[in-house]
1. Once you have a ≥ b ≥ c as the square roots of the Cα gyration tensor eigenvalues for the stretch 209-255, tell me rounded if a/c is under 1.5, and otherwise prolate or oblate according to whether a/b is larger than b/c.
2. Fewest Cβ neighbours within 10 Å first, please rank 72, 177 accordingly.
3. As a test of the formula, what do you get for the chain when each DSSP H run with n ≥ 4 contributes -39,500 (n - 2.57) and the sum is divided by the residue count, at 222 nm and rounded to the nearest 500 deg cm²/dmol?
4. May I ask you to work out the translational diffusion coefficient for the stretch 239-357 at 10 °C, viscosity 1.306 mPa s, via Stokes-Einstein with Rh from the Kirkwood sum over Cα pairs, reported in whole µm²/s?
5. When DSSP beta bridges are limited to those with both residues in the stretch 2-422, what percentage is antiparallel, rounded to the nearest 5?
6. Taking square-rooted eigenvalues a ≥ b ≥ c of the alpha carbon gyration tensor, is the stretch 153-301 rounded, prolate or oblate, where a/c under 1.5 means rounded and, failing that, a/b exceeding b/c means prolate?
7. What are the extents of the Cα atoms of the chain along their three principal axes, listed from largest to smallest and rounded to whole Å?
8. Would you kindly work out the equivalent ellipsoid of the stretch 158-220 from its C-alpha gyration tensor and give its semi-axes, the square roots of five times the eigenvalues, largest first in whole Å?
Ligand code: GCU
């Protein structure tokens with residue numbers, strides 16, 4: 001990245017929320033430093049290593065899910081009700097005739113300790129390739145509202161609601177700093193390759209804000225057994241991916257049974273967590289998910305536990321913050337989160353200058369999850385360097401030059417990975 005761009009970004013990062021810290025450092029492309037990669041099979045020392053799939057699934061995996069809720073993300077609902085409040089086909093030939101565009105208004109009722117709550121209703125927009133109700137569906141949660149992700153005049157938006165596109169100077173700056181596809185993915189390209197797109201704006205039901213977010217999350221989790229940690233927004237958004245599947249499974253016009261969670265950065269974290277908890281998710285693309293996502297905590301590189309929990313106290317359980325500066329004492333680490341997704345395909349997207357999200361720590365987490373892929377008979381991670389791109393691998397690692405964002409090279413790589421696993 002040119003110096004002028006770095007300086008420009010440094011100024012912008014003070015103005016835009018959700019910006020990453022910018023440095024001039026590069027991620028090392030070799031994972032073979034002195035530090036050993038962890039091994040997810042050795043997860044719970046008192047249990048002994050998971051030597052078979054049976055042992056992993058019946059013993060280690062449930063204990064790890066419990067530990068991730070207790071120490072990092074807080075507890076997801078024990079159960080929930082779900083209602084489709086309305087469903088409407090907005091356009092039979094949207095996106096230059098490539099897609100049928102549907103809009104749903106949804107409401108979930110999470111249940112904690114036997115107490116049911118009404119979550120805020122939220123919308124989901126779905127673009128399905130015309131004539132292919134069975135297309136695998138990419139479930140997206142995005143920084144920008146639904147009407148930016150799937151731009152179409154008929155999509156419901158509250159009055160005076162803002163957005164990221166729209167051509168103003170703010171939109172131009174955002175695209176310049178965070179890449180061509182930060183607000184709007186290449187929808188037509190995705191549809192033409194045979195994938196559907198479903199989009200929600202997670203803040204509609206769990207606001208991405210300290211005050212409003214914490215208030216909504218606490219209200220929704222009243223009744224939770226004492227001694228358990230209230231959930232953070234990352235867990236609520238992860239649950240949001242499951243709600244998207246609930247709605248799609250309830251729609252007779254959609255025959256798809258393949259779902260891929262896609263998320264960038266904070267939603268990369270929720271995309272991974274969703275797959276670790278919901279077996280209906282068939283694959284994940286987690287781009288630059290960083291701390292609380294794919295990158296190891298105990299490595300203490302990039303964004304620290306202290307920094308993330310101070311800036312975003314509503315994202316995690318309170319206990320996560322207590323590990324600031326003593327990450328080595330954490331009973332779980334992120335290679336075990338990846339291992340909970342095995343043997344389903346996962347793509348970890350990265351950029352060399354995005355050291356805030358610690359690409360090397362994400363690679364080591366993939367190395368640590370690999371033994372669990374192996375017990376399923378999958379080859380898992382097939383690369384030894386960060387840039388030895390193998391889209392057909394079940395644990396695929398993508399790194400490109402540049403910084404944090406979704407740039408023009410990213411989506412072609414994502415689609416290459418999807419074609420290798422879902423066509
Ligand atoms: C901040 C935060 C990261 C997060 C990112 C994003 O930079 O520190 O953890 O991934 O925002 O969501 O863009």
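1. Numbers: a/c = 3.33, a/b = 2.18, b/c = 1.53.
Prolate.
2. On the way: 72 28, 177 21.
Going from least to most buried by this count: 177, 72.
3. Working: 14 runs with 132 residues, N = 423.
-9000 deg cm²/dmol, from helical runs alone.
4. Working: Rh = 15.1 Å.
Taking Rh from Cα pairs, D becomes 105 µm²/s.
5. Values: 25 of 52 bridges.
In the stretch 2-422, DSSP labels about 50 percent of beta bridges as antiparallel.
6. Details: a/c = 1.37, a/b = 1.20, b/c = 1.13.
Cα axes put the stretch 153-301 in the rounded bin.
7. 56, 55, 43
8. Values: eigenvalues 146, 69, 23 Å².
So the equivalent ellipsoid measures 27, 19, 11 Å along its semi-axes.
No lab work stands behind these numbers, since they all come straight from the coordinates. Keep in mind that this is a model prediction, so the values were computed, not measured. Cβ sites come from the backbone with ideal geometry, for glycine too, and all protein chains shown count toward neighbours.
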